[in-house]
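The next block holds one structure in the form of structure tokens; read it before the comments.
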Amino acid sequence: MLSLTLKELSLALREGSISPIELCRKCLNRIKKTQHLNAYITVTEELALKQAQEAETRLLRGAPKGPLDGIPFAVKDNFCTENIKTTCASRMLKDYVPPYNATVVQKLLDQGAVLMGKTNMDEFAMGSGSTDSAFGPVRNPWSYSASYTEQTGAAPDSDWVVSGGSSGGSAAAVASLTSYLALGSDTGGSTRNPAALCGIVALKPTYGLLSRHGLIPLVNSMDVPGILTRTARDAAIVLDILQGQDMRDSTTVPAPSSPTELPEDFDVKNICIGIPKEYHAPGLSDETLAQWSRVADMFERAGARVEQVSLPHTQYSIVCYHVLCQAEVASNMARFDGLEYGHRSKVDASTEAMYATTRHEGFNDVVRRRILCGNYFLLKQ
Amino acid sequence: MAASSVAASELLYNMKKQILILHPKASCLIRRISTRSSRHYSQPQPRAKSAPEQLVGVVGLEIHAQIHSNTKLFSGSSVRFSAPPNSLVSFFDASLPGTLPVLNRRCVEAAVMTGLALNCTINRKSLFDRKHYFYADLPAGYQITQQRRPIAVDGMLTYSLLGGKKRNQVMRKNVHIKQIQLEQDSGKSLHDDLRSQTLIDLNRAGVGLMELVMEPDMSCGEEAAAAVRELQLILQALGTCQGNMSEGQLRVDANVSVHRPDEPLGIRTEVKNINSVRYLARAIDYEIRRQIDVLQRGGRVQNETRAYDSKTGETVPMRDKEGLQDYRFMPEPNLPPLIVYEDNTSLPTGTDACQAVVVQKIREGLPELPSVKRDRLVQTYGILPEHSFTLVNEDGLVEYFEAVLKSTKKEPRKVIGWVTNSLLGHLKQHDMSPGLSSCPRRAAGTPGNGTHLLFGCQAGVPGNVEVIRQDGLTDHPRAGFGTC
């Protein structure tokens, strides 16, 4: 049951062969069993069961809200969820409870989807391993797979591999079958990276397609909400639900009129695939190169056009990214001063002292380093 | 001297505007040769006299006008004066993480309207930026403003002063408006020294402001005060700002320096904390005198921020603003460029005209501005310019004057003297405004023929005004009655 695709599950729920409550309980049990992965910061057990109950009532009446009605999902902990703790895996927001839902979260809830919990991540989405969290790192579910443990002779408790980041918790949740889809965020690969490491599908939508209202920002001009699922078709279903202009986010654009649904019979002969030559960079592991070549050959054999392309500025991209990212980070983190919400230090000798200690106590090194760099880049002199 | 250079400056300014309208791609540079009123660069002039020239003041103004709108610049919370603390604060105003700014269209229209009334060029495309500094009344740690490219630039405010020996000569002067930009207001901090704490009220945080920068074309407190007064009248006529300085709807900071004419500008100080037009004049004049004093004693004027103390009439250094701030400006990534359209034909296909800000439409909807009104009164009623000046200067006086004329059918030139002297004097004595009295009365006799007009109205209540033929003027206003 837990490894069904969204489409299969949706059908089963409508037919009545699976009950939303039973499904919810199964997922919750699995979450408890996989606690060592540390994928979740908050598990919303009571709420999930309540939502599952409501979904069941609707489905029995034959009136589902949509294709996701009754289906468990998880949300990265940098999306605001009303009355549910939202921490961004930081001490700064460890007890912060937002008073509103992020637009993309609301859209899923409006579909009747069932919220399992808030997933673990790198603090404030700064990282690519989900190792820098105030709540401990996320472990890749594949650390416990037979193939890995046999291969390395690893002791399950001490030897594990990273899940990637910064949306590691979301990826681990979907990969470990505790939810069917998850929301992540992607600025410089933070949804795609963990999905690749956890062996699932990630979609980074084009900037402006999905609303960022309620997504606690890293880099406003690059962030997007990301979609993590187990199949590409599932990702297309979720994209269709989430895309669209939002009045509350001035950087969104209207959704394109063409449907997102993947056709059943997809002819690969119709696509052209570009392989950027600059991506064959020094340091690329043999294993990765081998897989890359294997897939390129697969497409070619199936009749697709596979061509080499050039992205000549690739070597500069990471530096540009860092400068822009850190500048915006320094700006976005300025609001965390302990005054209106979040952690506040006990030092109250002066406002400045309070700000300084609050920010020192609340942020980890990664965040503090990026703020300092960002301010350096923004300074005029 | 003053009149001709003002006229010439205005002529050149209008020429430049016309050229740019007819040939938008042309670059137009009009050089101004240094004269007493030109401050932009100096050219030594042959001096006939041997005595050194006096130090004179140079005054520029930075004005923050609170936009008169229902909701704030980037959020939907209400704009109201004197509401319970922190009762008008949306999630965005409190800088809750994940919230985003959404631009208020009325604020853009207000800025365009104001720009047009001040003869500015409206930038078709303008941009928003973040200005960073840490302060308790700035929840996000930055203010959203328009530093790189504001909505309106390069305007002109014409104001008048009553000068001459009898202070009845109307002298027209100009001050250049460098730019008008949209920005957020900050919250308010109240310092509680007793408990050693600061209380923050965010009701004002996020309210829309128009920042108007006036070039240093003024030379003394009186000029600055007159310019600000004219601006108040314009903003009130437009309805874009209520212009009340004591309520903080209009905040004026003065940049003051002194120099000898034809020499480079001196070091300037910024004077803040000025709560009325009258204090503005006093503060500036005090500061000019202070700086002249410092220089004459061989000292140097420091580039600093000073606060005006209305009790002592002096400016004192402000402790808060030590050192130069680097605001780390950055484009505001959550707001795309602001585009306003010249007319309906320039709208992109498929855009609803109601959704866009169209300059032509706003231009057509501009109300009668004070300067036009003054000229109209002079033309229509044949009254003197200085009387017209007084009429327009007082809230409600024009309406009262016109109503008196209508019901008494007396000659305007005979009524005007009474209105601007006796009536106004009496109202001011009792601290009332002409706007409170509604209906005028029939005068039994002509004012000025030994007949005194009596009126009474309850302060605060639009009352009835009664005109009684009487020989003497009583002191007590009493609740009137009568036919209207």
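A few notes on this one:
- Kirkwood-based shape ratio for the range B:151-231, expressed as Rg/Rh from alpha carbons: 1.19
- Projected onto their three principal axes, the Cα atoms of the range B:44-191 cover extents of 68, 38, 35 Å, largest first.
- Normalised by the number of residues in the range A:75-226, the mean separation of alpha-carbon contacts (under 8 Å, six or more apart) gives a relative contact order of 23 percent.
- Amide hydrogen neighbours beyond the local backbone of A:Gly70, cut-off 5 Å, H modeled: A:Ala113, A:Val114
- The helix-only estimate of mean residue ellipticity at 222 nm for chain A, built from DSSP H runs of length n ≥ 4 each weighted as -39500 (n - 2.57), is -11500 deg cm²/dmol after division by the residue total.
- Share of pairwise Cα separations in the range A:29-78, more than 16 Å, in percent: 50 percent
- Near B:Met156, the amide H atoms lying under 5 Å from its own belong to B:Asn119, B:Cys120, B:Ile177; only residues 5 or more places off or on other chains count, and H is placed 1.01 Å from N.
- Beta bridges per DSSP with both ends in the range A:15-125, % antiparallel, nearest 5: 45 percent
- With N the number of residues in the protein assembly as shown, Rg(Cα) / (2.2 N^0.38 Å) evaluates to 1.20.
- For the protein assembly as shown, a crude dipole built from +1 on the beta carbon of Lys and Arg and -1 on the beta carbon of Asp and Glu, taken about the Cα centre, is about 2600 debye to the nearest 20.
- Lys/Arg +1, Asp/Glu -1 at C-beta; chain A dipole; positive extreme among A:Ala125, A:Val201, A:Ser3: A:Ala125
- For the listed residue pairs B:Lys188/B:Lys272; B:Lys173/B:Lys272; B:Lys272/B:Lys311; B:Lys72/B:Lys272; B:Lys178/B:Lys361, the alpha carbons are over 19 angstrom apart in B:Lys173/B:Lys272; B:Lys72/B:Lys272; B:Lys178/B:Lys361.
- Coarse-grained scattering of the range A:1-125 at q = 0.12 Å⁻¹, given as base-10 log I(q)/I(0) from a Debye sum over alpha-carbon atoms: -0.45
- Mean shadow area of the range B:225-349 over all directions, Cα convex hull, nm²: 13.1 nm²
- Whole-Hz Karplus values for the range A:317-326 come out as 4, 5, 5, 4, 4, 4, 4, 5, 4, 5 Hz, taken residue by residue from phi with 6.51 cos²θ - 1.76 cosθ + 1.60 and θ = phi - 60°; glycine and proline positions read x.
- Selection of trypsin sites (Lys or Arg not before Pro), the range B:279-369, meeting DSSP coil and at most 14 other Cβ within 10 Å: B:Arg297, B:Arg300, B:Lys311, B:Arg319, B:Lys321
- Leading residue at positive end of dipole, the range B:186-296 (Cβ point charges), from B:Met214, B:Ala283, B:Ala226: B:Ala283
- The range A:181-326: C-alpha gyration tensor shape, a/c 1.5 cut-off, then a/b vs b/c: oblate
- Using a Förster distance of 22 Å, the FRET efficiency for A:Ser350-A:Lys94 (Cβ separation, nearest 0.05): 0.35
- Between the amide H of B:Glu332 and those of B:Phe128, B:Asp129, B:Arg130, distances stay under 5 Å, these residues lying 5 or more places away or on another chain, with hydrogens modeled in the peptide plane.
- Phi angles of the range A:300-306 translate, via the Karplus equation with coefficients 6.51, -1.76, 1.60 and θ = phi - 60°, into HN-Hα couplings of 5, 5, 7, x, 6, 8, 10 Hz per residue; Gly and Pro are given as x.
- Phi to ³J(HN,Hα) by Karplus 6.51 cos²θ - 1.76 cosθ + 1.60 over the range B:181-192, Hz, x for Gly, Pro: 10, 8, 7, 8, 7, 9, x, 10, 10, 10, 8, 9
- Projected label distance in nm at B:Glu53 and A:Val295, using a 7 Å step from Cα toward the beta-carbon: 7.6 nm
- Sparsely packed chymotrypsin sites (Phe, Trp or Tyr not before Pro) within the range B:52-94, loop by DSSP, other Cβ within 10 Å at most 15: B:Phe81
- Counting heavy atoms of the protein chains alone, B:Trp418 has an accessible area of about 30 Å² for a 1.4 Å probe.
- Label-point gap, in nm, between A:Met247 and B:Arg80 - each point 7 angstrom along Cα→Cβ: 2.2 nm
- In this rough spin-label picture, where each label sits 7 Å from Cα along the Cβ direction, the B:Met318-A:Lys7 distance is 6.5 nm.
The values are calculated or read from the model by the stated rules, or taken from the named source; none is laboratory data. This one's a predicted model, so the numbers in the text were calculated from it and none came from an experiment. Don't worry about glycine lacking a Cβ; one is built from the backbone with ideal geometry, like all the others, and counts go over all protein chains shown. All accessible areas refer to the heavy atoms of the entire protein, side chains included, with ligands and DNA or RNA removed. Shrake-Rupley method; radii C 1.70, N 1.55, O 1.52, S 1.80 Å.
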